[in-house]
Amino acid sequence: MLHIHLVPCLSDNYAYLVHEPQTNKVAIVDPSEAAPVFAALKTHDLKLTHILNTHHHFDHTGGNLELKEKTGARVVGPRADRERIPGIDEEVGEGDTWSLGQAKAKIFDIPAHTKGHIAFWFEADKAVFTGDTMFAMGCGRLFEGTPAQMWSSLSKLAALPPDTRVYCGHEYTLSNGRFAVTLEPSNAALKKRMVEVERLRAENKPTIPSTIGLERETNPFLRTASAELRKSLALESADVVEVFAETRRRKDVFK
């Protein structure tokens, strides 16, 4: 069983230290900076062997080169965006299986936030690393893709087993939830979740990981079939991509 340790970086980023104890292989997922990773390695008495990048943005790859230089760790990133991943050694994409010791990850291409975004799904460990595609109650902005692409990417993740833990790239949950409530104010699961999120953030504690099941119940970007959400958007008879696109547009300007 993988041991996963959350590593806060920058102002609201999360990297993840992933330890496979049978072989003592250790990966860091999306290291925006090196210093917090070195501190976490020291705390847990681990030696880094791999760096996993979900996409090219600097706040997910900024620590790559220093970590690689000082530890010899191999960098694993999206084949579709290999030219923008600093220090990349291994390229992976849709349908590939990548192994951290005895733990196997299935790779999904999930573009739209960036053209080469990927997810790492460790099925046996019930964990998926979603980068900036799926957040807790949110999704990433469409910097390099279309609403249809993002809907397809999110649908791929939403189809995973409901008890799959979701490890995303940022602590955006409170603001995401406040937006979600404007579209589904009667959603009981959402109201219950917001009580817990507000408590955790008041105590300066992380709201991550989420689960796929919880996202299906509370994430507005997955809830295009909700009658209440559609009514809030005045899109009762629209197709799912239209509903998603309008939800994303409104989130882009939400304060």
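Taking the stretch 159-178 only, how many residues are touching a Lys or Arg at 6+ places or on another chain (Cβ under 9 Å) and surrounded by fewer than 19 Cβ atoms within 10 Å (Cβ to Cβ)?
Residues flagged as touching a Lys or Arg at 6+ places or on another chain (Cβ under 9 Å) and surrounded by fewer than 19 Cβ atoms within 10 Å (Cβ to Cβ) within the stretch 159-178 amount to 5.
Checking Lys205 against (1) in a helix (DSSP H, G or I); (2) farther than 30 Å from Glu94 by Cβ: exactly one of these is not met. Which one?
Only one criterion is unmet by Lys205, namely (1).
Which one of the conditions (1) out of contact with any Cys (no Cβ under 8 Å at 6 or more places or on another chain); (2) within 26 Å of Pro206 (Cα to Cα); (3) among the small types (Gly, Ala, Ser); (4) crowded, with 18+ Cβ neighbours inside 10 Å does Ser11 fail to meet, given that it meets all the rest?
It is condition (4) that Ser11 fails.
Table: residues versus (1) in a helix (DSSP H, G or I); (2) touching a Lys or Arg at 6+ places or on another chain (Cβ under 9 Å).
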residue	(1), (2)
Lys191	yes, no
Val195	yes, no
Glu198	yes, no
Leu229	yes, yes
Ser237	no, yes
Glu242	yes, no
Arg248	yes, yes
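Pairs under 9 Å by beta carbon, first residue surrounded by 12 or more Cβ atoms within 10 Å (Cβ to Cβ) in the stretch 226-237, partner among the acidic types (Asp, Glu) and not in a helix (DSSP H, G or I), six or more apart or different chains?
The qualifying pairs are Ser226/Glu184; Glu228/Glu184; Leu229/Glu184; Arg230/Glu236; Ser232/Glu184.
Specify the residue that is farthest from Arg82 (Cα to Cα); the eligible residues are those in the stretch 114-136 that are within 11 Å of the chain's Cα centre (by Cα) and part of a loop (DSSP other than H, G, I, E, B).
Looking at the filtered set, the residue picked out is Ala136.
Just the residues that are surrounded by fewer than 23 Cβ atoms within 10 Å (Cβ to Cβ) and of a type in the set (Ser, Thr, Tyr), please, taken from the stretch 33-65.
Thr43, Thr49
Looking at Val166, Val241, can you tell me which residue is touching a strand residue (DSSP E or B) at 6+ places or on another chain (Cβ under 7 Å) and of a type in the set (A, V, I, L, M, F, W, C)? Explain how you work it out, then say what you get.
On the way: Val241 fails: touching a strand residue (DSSP E or B) at 6+ places or on another chain (Cβ under 7 Å).
Among Val166, Val241, only Val166 is touching a strand residue (DSSP E or B) at 6+ places or on another chain (Cβ under 7 Å) and of a type in the set (A, V, I, L, M, F, W, C).
Just one of (1) farther than 24 Å from Arg193 by Cα; (2) buried (at least 22 other Cβ atoms within 10 Å of the Cβ) trips up Asp132, so point out which.
The failed condition is (1).
Applying the selection to the stretch 23-68, what residues are of a type in the set (Asp, Glu) and within 19 Å of the chain's Cα centre (by Cα)? So that I can check it myself, show each step before the final result.
Taking the stretch 23-68 and keeping what is of a type in the set (Asp, Glu), we get 30, 33, 45, 59, 66.
Selection gives Asp30, Glu33, Asp59.
Please verify whether the stretch 71-89 includes one or more residues that are free of Cβ contacts under 8 Å to residues at least 60 places away in the same chain, among the polar types (S, T, N, Q) and buried (at least 19 other Cβ atoms within 10 Å of the Cβ). So that I can check it myself, show each step before the final result.
In the first step, residues of the stretch 71-89 are kept if they are free of Cβ contacts under 8 Å to residues at least 60 places away in the same chain; the result is 71-89.
Pick out the ones that are also among the polar types (S, T, N, Q) and you get 71.
Then drop every residue that is not buried (at least 19 other Cβ atoms within 10 Å of the Cβ), which leaves 71.
Yes, the conditions are met somewhere in the stretch 71-89.
Are any residues in the stretch 185-223 without any contact (Cβ under 8 Å) to a residue 60 or more places away in the chain and polar (S, T, N, Q), and if so, which ones?
Within the stretch 185-223, Ser186, Asn187, Asn204, Thr211 qualify.
Of all strands (runs of 3 or more DSSP E) completely enclosed by the stretch 1-110, which ones contain at least 2 residues that are at pLDDT 95 or above and over 24 Å from Ala159 (Cβ atoms)? Write out each step before concluding.
Working: elements: 3-9, 13-20, 25-29, 50-52, 74-78, 88-92, 97-100, 103-109.
It comes to 3-9, 13-20, 25-29, 50-52, 74-78, 88-92.
How many of the residues in the stretch 137-157 are not polar (S, T, N, Q) and not in a loop (DSSP other than H, G, I, E, B)? Spell out how you get there, then give the answer.
First, the residues of the stretch 137-157 that are not polar (S, T, N, Q): 137-145, 147-148, 150-151, 154, 156-157.
Applying the additional criterion that residues be not in a loop (DSSP other than H, G, I, E, B) yields 138-139, 147-148, 150-151, 154, 156-157.
Adding up the residues that qualify gives 9.
Within the stretch 137-146, identify whether any single residue is touching a strand residue (DSSP E or B) at 6+ places or on another chain (Cβ under 7 Å) and buried (at least 18 other Cβ atoms within 10 Å of the Cβ), and answer yes or no.
Within the stretch 137-146, the first condition is being touching a strand residue (DSSP E or B) at 6+ places or on another chain (Cβ under 7 Å), and the residues that meet it are none.
There is no residue in the stretch 137-146 that is touching a strand residue (DSSP E or B) at 6+ places or on another chain (Cβ under 7 Å) and buried (at least 18 other Cβ atoms within 10 Å of the Cβ).
The values are calculated or read from the model by the stated rules, or taken from the named source; none is laboratory data. Fair warning: this is a prediction, and the values are worked out from it, not measured in the lab. Please note: Cβ atoms are built from the backbone with ideal geometry, for glycine as well, and neighbour counts cover all protein chains shown.
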